[in-house]
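Peer 1: Sharing a structure, written as structure tokens. Questions coming.
The values are calculated or read from the model by the stated rules, or taken from the named source; none is laboratory data. Since we're looking at a predicted model, the values are computed, not measured. Note that each Cβ is placed from the backbone with ideal geometry, even for glycine, and that neighbours are counted across all protein chains shown.
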């Protein structure tokens, strides 16, 4: 079945540091890939997405590139801020009549001033 | 757009009691999902509906759990009887149908069963 594997957290960085959160997936066909972010006490929000190989999703300074050859969708940001502290989830969705999102376990990011 | 609305935000109940969680999806969205989030198991899909019809309930843990969607603007998740191991945050999400459509989550219901 489909699965998403994220790097184990927690990740702790200083403000303005470079961020990478690794994500790899297993799925048949050509899934769409997503990053969601969850701030404390809230539900998940879509951060960015990519729907085909070599697509780059970007939003709020975050980027991720759909790499089919390595089945990866790593999240990056060049300079993190304290306000980026949250839990980040990688997810995939396949088409067809029974589509649904499969989430990774989430990675907690804490950014210190 | 008010977003996905869940109620209550917090629920504390005793073991054996019935619990009903409620969700109002975003107007016009035709897919609705119920998720459960715990520290140990992460985010688990319980059930999802397309056009008010349950499509996949394989994630529902056992017969104590049931979900309904009587119309396009309302869904419930019921646990009867509740047990301490049901304590978790329950999220409802909605989306337009399609693999590229993002999910819009509510703020969740934190359930504590004592």
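Peer 1: Quick check on residue B:9: is it out of contact with any strand residue (DSSP E or B) (no Cβ under 6 Å at 6 or more places or on another chain), surrounded by fewer than 19 Cβ atoms within 10 Å (Cβ to Cβ), under 24 Å from residue A:87 (Cβ atoms) and modelled with pLDDT of 95 or more?
Peer 2: For residue B:9, the condition - out of contact with any strand residue (DSSP E or B) (no Cβ under 6 Å at 6 or more places or on another chain), surrounded by fewer than 19 Cβ atoms within 10 Å (Cβ to Cβ), under 24 Å from residue A:87 (Cβ atoms) and modelled with pLDDT of 95 or more - is met.
Peer 1: For residues in the stretch A:8-20 being surrounded by fewer than 16 Cβ atoms within 10 Å (Cβ to Cβ) and closer than 26 Å to residue B:41 by Cβ, which is modelled with the lowest pLDDT?
Peer 2: Pass one, the stretch A:8-20, residues surrounded by fewer than 16 Cβ atoms within 10 Å (Cβ to Cβ): A:8-10, A:12, A:14-18, A:20.
Narrowing further to those that are closer than 26 Å to residue B:41 by Cβ: A:8-10, A:12, A:20.
On the way: A:8: 82, A:9: 85, A:10: 94, A:12: 97, A:20: 97.
That would be A:8.
Peer 1: Only one of (1) within 12 Å of chain B (Cβ to nearest Cβ); (2) buried (at least 21 other Cβ atoms within 10 Å of the Cβ) fails for residue A:23. Which number is that?
Peer 2: Evaluating residue A:23 over (1) within 12 Å of chain B (Cβ to nearest Cβ); (2) buried (at least 21 other Cβ atoms within 10 Å of the Cβ) leaves (1) as the failure.
Peer 1: Anything in the stretch B:1-28 that is over 12 Å from residue B:109 (Cβ atoms) and either without any contact (Cβ under 8 Å) to a residue 40 or more places away in the chain or not in a loop (DSSP other than H, G, I, E, B) (or both)? List them, or say none.
Peer 2: Hits for the stretch B:1-28 are B:1, B:2, B:24.
Peer 1: As an exercise: evaluate residue A:85 against (1) surrounded by 14 or more Cβ atoms within 10 Å (Cβ to Cβ); (2) closer than 29 Å to residue B:30 by Cα; (3) free of Cβ contacts under 8 Å to residues at least 60 places away in the same chain and give the number of the one condition it does not meet.
Peer 2: Condition (2) is where residue A:85 drops out.
Yes/no matrix, rows are residues, columns are (1) within 14 Å of chain B (Cβ to nearest Cβ); (2) touching a strand residue (DSSP E or B) at 6+ places or on another chain (Cβ under 6 Å):
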residue	(1), (2)
A:17	no, no
A:29	yes, no
A:34	yes, yes
A:39	yes, yes
A:42	yes, no
A:45	yes, yes
A:62	no, yes
A:78	no, no
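Peer 1: Considering only the stretch A:47-54, I want to know if a residue exists there that is within 14 Å of the chain's Cα centre (by Cα), within 16 Å of residue A:12 (Cα to Cα) and at pLDDT 95 or above.
Peer 2: Scanning the stretch A:47-54 turns up no residue that is within 14 Å of the chain's Cα centre (by Cα), within 16 Å of residue A:12 (Cα to Cα) and at pLDDT 95 or above.
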